[in-house]
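Below is one structure; the comments refer to it alone.
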Amino acid sequence: MRRVMVLTGGGDCPGLNAVIRAVVKRAAQENDWEVLGSIKAFDGILNEPTELMILDEEKVAGIHYQGGTIIQTTNKGGPFAWPVKKKDGSWEYVDRSDEMIRKIQYLGIDAVISIGGDGSQRISQKLFEKGLNIIGVPKTIDNDLSATDSTFGFQTAIQVGTEAVDKLVTTAASHNRVFILEVMGRDAGWIALNAAVAGGAEICLIPEIPYDINIILSKINARFHRGKGFAIIVAAEGARPKEGTVVAHASNEVGYENVRLGGLGFKLEDDLKKAGCEHDVRVTVLGHLQRGGVPIAYDRVLATQFGVKAMEMVLNGEYGRMVSYSHPYITSVTLKDAIQKPNLVTLDTALIKTARGVGISFGEDLIALEE
Ligand code: F6P
């Protein structure tokens, strides 16, 4: 019997279970492959006692439309930075990668499929360089991986964002208010941009285009006449003013390397008031509602395609590569290429032009940008 170990790493994402199910169903068509799930990314294989789950067709039946991941995930620690508590109560981070690879070999595991975002695929590449037979499956609701046309979870997040805009429009119009909807998007503003276009927002703020509060205020004022009117701003959590920084705070969670974003919406409300905004402003932070719950059909399909492809790459021994969607093909790229650069919104992105074409402001001075 040959064994493949599957794990989900980083933040959860709608469609993870559909990938797991597809890997298992494809493996079941071979007679000699067993699929194991490592609980909470690499923690399951690193922990003593080991926490692995046998994933057979019965276990994965009907999970394709379930949110989250049945094998759990984490965006803390990992084989290269395993947190160990010191006697004085502080934490140090140790490299357990060699020990982990030995354990994987000892347990007769022939290959690993790591489903995760850029951070997870960086770990995959390092493990591949150390000789592990590993394949990456891209996952991110932010759509910030450049080596694939799209990732599962992204469209579901846009859908959630769009439905939120639709709802806010009705309450904003009823009260003649300005509504700020804060959505996810650490470095890339794809969710905000798509939700703004789909929902018909007036203003969209993204990390890639620093904004000017006075330009936002002029746009808002142009939407109001004698106190009537309303305006919707969709803002990515990672957006920042021209002369300023992102709204973030350091995390005290052990092993969590990112700063925690969130709160831009409230800062924006304050700044608008300081800049002289006379309209009522309300803020909605969408947060993890964009990550939880049922994946829409598009994401289930893409996730299923990724899972089947990943298992076929295992069968073909195509290690050190990440599954990729390159329309109309499901193909693969080297992990090394996959982690080269993030997929950010650029000014010549077609959807930016479309957004401008329907009058969406990015809170920037267009003349300054053109110079
Ligand atoms: O990377 C995806 C993402 O959704 C970011 O947009 C967000 O900042 C982050 O995850 C939050 O993750 P968590 O709350 O799990 O640390």
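The values are calculated or read from the model by the stated rules, or taken from the named source; none is laboratory data. These numbers were taken from a predicted model, which means no experiment stands behind them. Cβ: placed from backbone, ideal geometry, glycine included. Neighbour counts: every protein chain shown.
Restricting attention to the stretch 285-323, the residues that are within 16 Å of the ligand (Cβ to nearest atom) and either more than 20 Å from Leu7 (Cα to Cα) or hydroxyl-bearing (Ser, Thr, Tyr) (or both) total 6. Flag set for Ile180, criterion: away from the ligand (no atom under 14 Å from the Cβ), crowded, with 22+ Cβ neighbours inside 10 Å and over 30 Å from Asn316 (Cα atoms). For the stretch 14-37, a tally of residues being within 23 Å of the chain's Cα centre (by Cα) and within 17 Å of Lys309 (Cβ to Cβ) returns 9.
Of all residues in the stretch 247-274, those satisfying the criterion of being aliphatic (A, V, I, L, M), under 29 Å from Gly9 (Cβ atoms), surrounded by 15 or more Cβ atoms within 10 Å (Cβ to Cβ) and more than 10 Å from the ligand (Cβ to nearest atom) are Val247, Leu264. Among all positions in the stretch 255-265, there is no residue which is of a type outside the set (Asp, Glu), over 23 Å from Leu351 (Cβ atoms) and modelled with pLDDT of 95 or more. Of all residues in the stretch 164-180, one or more are touching a strand residue (DSSP E or B) at 6+ places or on another chain (Cβ under 7 Å), charged (D, E, K, R) and in a strand (DSSP E or B). From the list Asn31, Asn17, which residue is more than 16 Å from the ligand (Cβ to nearest atom) and either touching a His at 6+ places or on another chain (Cβ under 6 Å) or in a helix (DSSP H, G or I) (or both)? Selected residue: Asn17, the only one of Asn31, Asn17 that is more than 16 Å from the ligand (Cβ to nearest atom) and either touching a His at 6+ places or on another chain (Cβ under 6 Å) or in a helix (DSSP H, G or I) (or both). If you go through the stretch 184-241 and keep only what is part of a loop (DSSP other than H, G, I, E, B) and either among the polar types (S, T, N, Q) or away from the ligand (no atom under 16 Å from the Cβ) (or both), you end up with Gly200, Ala201, Glu202, Ile209, Pro210, Asp212, Phe224, Arg226, Gly227, Gly229, Phe230.
Confirm whether Val283 is over 18 Å from the mean Cα position of the chain (by Cα), of a type outside the set (Asp, Glu) and not assigned by TED's automatic domain parsing to the domain that holds Ile213. The answer is no for Val283.
Identify, please: which residue in the stretch 40-79 is in a loop (DSSP other than H, G, I, E, B), among the acidic types (Asp, Glu) and within 24 Å of Tyr93 (Cβ to Cβ) and is, among those, farthest from the chain's Cα centre (by Cα)? Here the residue is Glu48. Within the stretch 50-79, restricting attention to residues that are more than 19 Å from Ile141 (Cα to Cα) and of a type in the set (D, E, K, R), which residue is nearest to the ligand (Cβ to nearest atom)? Out of the qualifying residues, it is Glu51.
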